[in-house]
Amino acid sequence: MKTSIIAVGTELLFGQTVNTNATYLSKNLNLMGFDVMYHFVVGDNPARLREKIGQAYEDTDLVILTGGLGPTQDDLTKEMVADYFGAEMYFDERAADEIRAFYASRGGKMPENNLKQAYLPEGCTPLYNASGTAPGFAYEKNGKVVMCFPGPPRELKWLFENGGRQYLEQFMDKKMYYKVIRTIGRGESDLEMDLMPLIDGQTDPTIATYAKEGECTIRIASQRDTIEEARAAVDEMILKVNELIGEYIYSYDDEELDEVVVRLLKEKHLKITSAESATAGLFASSIAEVPGASESLRYAYVTYSNEAKIALGVPAETIDTYGVVSPQTAEAMALAAKAASGADMAISVTGFAGPEADEGHEAGEAHIGYAFGDKSGSVPVFTHRNFRNWNRNYFRLRMLRTAYQLLTAE
């Protein structure tokens, strides 16, 4: 089905809120086999909203609206849908009961205007919202569908996964199955050239590459008569992809790098520690965000100053001789952190994140130190040559990803 997505809210037009709902919906709808043709953003203006609903309904088979389902006077999305189709509004008792229960469970008094959310267009299929107060709905007419979801991203995602997706499955001609592969260490254009023998002339399964911050993802998707046929086709293609770029793949299950690192550490029963200078704890905090990381993260040291590095155990003569940002200091930091913590392995980060020069070095130089068992050393992150095209935070993230890449390779 050809699809339009309409996001409703003046705050989106003013740039006060980022339209993440459109990204989420497009990704999921495309994976279900729906052809997303248009994205629209409309302010809280009833006449313009009704006009855009009509245009989208005429041009496409499925129209999805997000936002404008709340209790205030400017929330008019469902009213404009009902007006366009000439449908009366009715009071949905279940929706009203759920709104009252929502407030009662929190011990608060419900403002009466919240019951405005319980009015829905006659003839619609309600999508009840256990994650908030505004229900969504689907309205089908003449073989076309209009669906409305709440604007808050958390509620939209919950409602799509707990009602919206199931409703839309009836319009899928074939069953869709896909896998997302994560890669690092190879640019998108190079990766596409590596995969060109499979991409050139592809029909089904399809292979698509997407650049992300410091890495690339590959989506392999198939639409077949049965889910078993689609899964078998994707699995067969993954084997071919692995033959071409297996050395760059770190996950076959759409995992983030930090998730993969923590999983590998837990599987191998290893403890890790870190000593960070330029990243100031970014590595440790990202690891700690993964559930279960406490099993593996033993200690974390932020050694931003030379004094802190020396206190940890880095020889002062190493810093004096080679400089604070050097392969030798990076290795010494990792060895000192491993010895101080008793961990099985240690990662260190030292660099000039800029933007100004320091100690005679241009911003953009960094080194990752490591100490794994009886092995230690360091790897360069990048030199200053391209740093002028980056910013400080991007460079710190580049250090983080290099550390992850080193760990997954081990």
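Between 0 and 90 degrees, rounded to the nearest ten: what's the tilt of helix 327-341 against the longest Cα principal axis of the chain? Orientation of helix 327-341: about 80 degrees from the principal axis. When you filter the chymotrypsin sites (Phe, Trp or Tyr not before Pro) in the range 1-59 for DSSP loop state and at most 15 other Cβ atoms inside 10 Å of their Cβ, you are left with 14.
Taking the Cα centre of the range 118-259 as reference, the dipole from Cβ charges on Lys and Arg (+1) and Asp and Glu (-1) amounts to some 740 debye. With the helix formula -39500 (n - 2.57) applied to DSSP H stretches of n ≥ 4, the chain reaches a computed 222 nm mean residue ellipticity of -11500 deg cm²/dmol. For the range 134-204, relative contact order (Cα pairs under 8 Å, six or more residues apart, normalised by length) works out to 15 percent. Placing R0 at 22 angstrom, the Cβ-Cβ distance between residue 90 and residue 144 gives a FRET efficiency of 0.55 after rounding to 0.05. Quick one: of 175/212; 179/268; 179/240, which pairs are farther than 19 Å apart, Cα to Cα? Cα-Cα > 19 Å for 175/212; 179/268; rest within. P(r) for the range 130-257, from all Cα pairs and a bin width of 5 Å, is 2, 10, 16, 15, 14, 14, 13, 10, 5, 2, 0 %, short bins first. Ligands, DNA and RNA left out, the 1.4 Å accessible surface of the chain is 48% carbon and sulfur atoms.
Computed on the Cα trace of the chain, the radius of gyration divided by the Kirkwood hydrodynamic radius gives Rg/Rh = 1.07. Annotation: extensible slack from residue 41 through residue 172 equals 44.5 nm (criterion: 0.36 nm per residue apart, minus Cα-Cα distance). Accessible area per residue for the chain, computed on protein heavy atoms with a 1.4 Å probe, is 48 Å².
Across the cross-link table entries 266/375; 2/157; 266/309; 271/375, which are compared at the Cα atoms, the separations over 23 Å belong to 266/309. Placing +1 on the Cβ of every Lys and Arg and -1 on the Cβ of every Asp and Glu, with nothing else charged, gives the chain a dipole about its Cα centre of roughly 500 debye. Once C-alpha pairs closer than 8 Å and six or more residues apart are averaged by separation and normalised to the residue number of the chain, the relative contact order reads 10 percent. When the range 150-220 is described by a simple charge dipole with +1 on each Lys and Arg Cβ and -1 on each Asp and Glu Cβ, the residue from 198, 167, 209 located farthest towards its positive end is 167.
The values are calculated or read from the model by the stated rules, or taken from the named source; none is laboratory data. Computed from a prediction, not measured in an experiment: that's the story for all the values here. Note: ideal-geometry Cβ built from the backbone for every residue, glycine included; neighbour counts use all protein chains shown. We work out accessible area using only protein heavy atoms, side chains counted, and drop any ligands, DNA or RNA first. Shrake-Rupley method; radii C 1.70, N 1.55, O 1.52, S 1.80 Å.
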